Amino acid sequence: MNEDEYFFQKNQYIRLPLRLGEDSFKTGYISDNKINSLSNALLSFKYTMEVHGVEHYKIYATSALRDSKNSNDVIKQIFDLTGMKIKLIDGLKEAKVIAMGNPMEKLDFDKTYLYVDVGGGSTEYSIVRRGDDKKSKSFNIGYSLILPSFWANFKYSPGSKFWSLKQTKP
């Protein structure tokens, strides 16, 4: 089965903001402390999946790990500690995965929807029109990159504002 043919069923919603970008975007590396936190978080998800009888899953790493200089070492350490494999993905794949997690049957067929996911190092836009026509794009701007100097230096990622406006026109 092709990876894009899977569907997502949300059995439980758990959010564990580890803030890997606090390390990655400042120093270029994920610290041992953050690796330990990530390992513990993934083990908690592993046990939760066992309770729910999950047979197949994917673990995707986004901008914080993707942009760190020690990403390969982190992925190997996590596998050694948990037995769980992490796959690095680009921003476009991230945007598409986010859009896949939103149930299409609840959308009004005649409306256009914009899903925005603001992460630590990137922001993903996914536009759904007429029920299933998806367009997705990722921009390299996220809260970890803008918060330290937000008020003094905030600028739109090149093209993000105009791309959004163009894609959402009726």
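Bear in mind these aren't lab numbers, they're just calculated from the coordinates by the rules spelled out. In this text, all values refer to a predicted model and were calculated from it rather than measured experimentally. Backbone-built Cβ (ideal geometry, glycine too); neighbour counts: all protein chains shown.
Annotations
- Derived scalar couplings ³J(HN,Hα) [segment 21-32; Karplus, 6.51 cos²θ - 1.76 cosθ + 1.60; whole Hz; x for Gly, Pro]: x, 4, 7, 4, 7, 8, 10, x, 9, 8, 6, 4
- Packing-based order for 80-91, 118-129, 49-60, 31-42, using average beta carbon neighbours within 10 Å, highest first: 118-129, 31-42, 80-91, 49-60
- Simple label model, 7 Å out from Cα along Cβ direction - Leu81 to Asp110, nm: 5.3
- Residues with amide H under 5 Å from that of Tyr60, placed H, sequence gap 5 or more: Lys87
- Links that overshoot a 20 Å alpha carbon limit, given the list Lys34/Lys87; Lys34/Lys93; Lys34/Lys76; Lys93/Lys135: Lys34/Lys93
- Efficiency of FRET between Ile14 and Asn72 - r from beta-carbon atoms, R0 35 angstrom, step 0.05: 0.85
- Net charge of the neighbourhood of Lys26, taken over other residues with C-beta under 14 Å away and scored Lys/Arg +1, Asp/Glu -1, is 0.
- Under 5 Å, built H, 5+ apart or other chain: amide partners of Gly119: Glu124, Tyr143
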